[in-house]
Amino acid sequence: MNSEQESHQGVDLLEDDGCYVALTHDLLDAGSIMDKVRSPAAGAIVLFAGTTRDNFAGKAVKELQYTAYNKLALRTMMDIAKAIRTKHELKGIAMIHRLGVVPIGEESILIAVSSAHRQAAWRAGEEALEECKARVEVWKREEFSGGEGVWRANRDGAVGQKVADTTDA
């Protein structure tokens, strides 16, 4: 089965053989992502929800802003999903990343995996997240209280570089 890329209702997505990946500017819906991986052969569904927290490295965070190279990010996400589905013998895997502004307490990424047994699902979910953070072409800007902001790779603990505002006032 070949991957199909679609864009509808504000969502860019790819689906292929039990793998679903997407990018959207909309609020993320955990129930709909879990439904993408449901299977009568699955004894476990694991869902990871990454949320915007109110601080980073001792600074108060106002919000996060995400941007991506959509076509490449979707292909990378699909490559990750297929490899993890095969490695862990999953029934399904779904990953969706939110773009644009993500306020405090809201989800920026959801990853759902289903498998016959819980151990495979736990391991696969964590591996999928780590691979996404390491490889997917998504960048985030942390907006701090007081107006300062910094772009950084979408990786835990990676320190970004302040970028001068080049817009005309």
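Regarding Phe48, is this residue modelled with pLDDT under 95, in contact with a strand residue (DSSP E or B) (Cβ under 9 Å, 6 or more places away or on another chain) and of a type in the set (A, V, I, L, M, F, W, C)?
So Phe48 fails the test.
Could you say whether any residue in the stretch 17-38 is modelled with pLDDT under 95 and either closer than 24 Å to Ile104 by Cβ or surrounded by 18 or more Cβ atoms within 10 Å (Cβ to Cβ) (or both)?
Within the stretch 17-38, not a single residue is modelled with pLDDT under 95 and either closer than 24 Å to Ile104 by Cβ or surrounded by 18 or more Cβ atoms within 10 Å (Cβ to Cβ) (or both).
Here's a check for you: in the stretch 87-107, which residue that is buried (at least 20 other Cβ atoms within 10 Å of the Cβ) and part of a strand (DSSP E or B) is farthest from the chain's Cα centre (by Cα)?
Residue satisfying both the conditions and the ranking: Gly92.
Can we say Ala73 is within 27 Å of Phe144 (Cβ to Cβ) and of a type in the set (A, V, I, L, M, F, W, C)?
Answer is yes for this residue.
Can Glu142 be described as out of contact with any strand residue (DSSP E or B) (no Cβ under 6 Å at 6 or more places or on another chain) and either on the phi > 0 side of the Ramachandran plot or outside any loop (DSSP other than H, G, I, E, B) (or both)?
Spelling it out, it is not the case that Glu142 is out of contact with any strand residue (DSSP E or B) (no Cβ under 6 Å at 6 or more places or on another chain) and either on the phi > 0 side of the Ramachandran plot or outside any loop (DSSP other than H, G, I, E, B) (or both).
Where residues in the stretch 147-158 are modelled with pLDDT of 80 or more and loosely packed, with under 15 Cβ neighbours inside 10 Å, which of them is farthest from Asp79 (Cα to Cα)?
Glu148
Do the conditions hold for Leu74, that is, is it surrounded by 15 or more Cβ atoms within 10 Å (Cβ to Cβ) and part of a loop (DSSP other than H, G, I, E, B)?
When the stated conditions are applied, Leu74 does not pass them.
Whether any residue in the stretch 61-69 is farther than 30 Å from Glu148 by Cβ and either touching a residue at least 60 places away in the same chain (Cβ under 8 Å) or more than 14 Å from the chain's Cα centre (by Cα) (or both) is what I want to check.
No, the conditions are met nowhere in the stretch 61-69.
Rundown of residues vs (1) in contact with a strand residue (DSSP E or B) (Cβ under 8 Å, 6 or more places away or on another chain); (2) closer than 13 Å to Leu47 by Cα; (3) at pLDDT 95 or above; (4) not charged (D, E, K, R), yes/no style:
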{"residue": "Met78", "(1), (2), (3), (4)": "yes, no, yes, yes"}
{"residue": "Ile84", "(1), (2), (3), (4)": "yes, no, yes, yes"}
{"residue": "Met95", "(1), (2), (3), (4)": "yes, yes, yes, yes"}
{"residue": "Gly105", "(1), (2), (3), (4)": "yes, no, yes, yes"}
{"residue": "Ala121", "(1), (2), (3), (4)": "yes, yes, yes, yes"}
{"residue": "Glu130", "(1), (2), (3), (4)": "no, no, yes, no"}
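The values are calculated or read from the model by the stated rules, or taken from the named source; none is laboratory data. All values reported here derive from a predicted model rather than from experimental measurement. For neighbour counting, all protein chains shown are included, and Cβ atoms are generated from backbone atoms with ideal geometry for every residue, glycine included.
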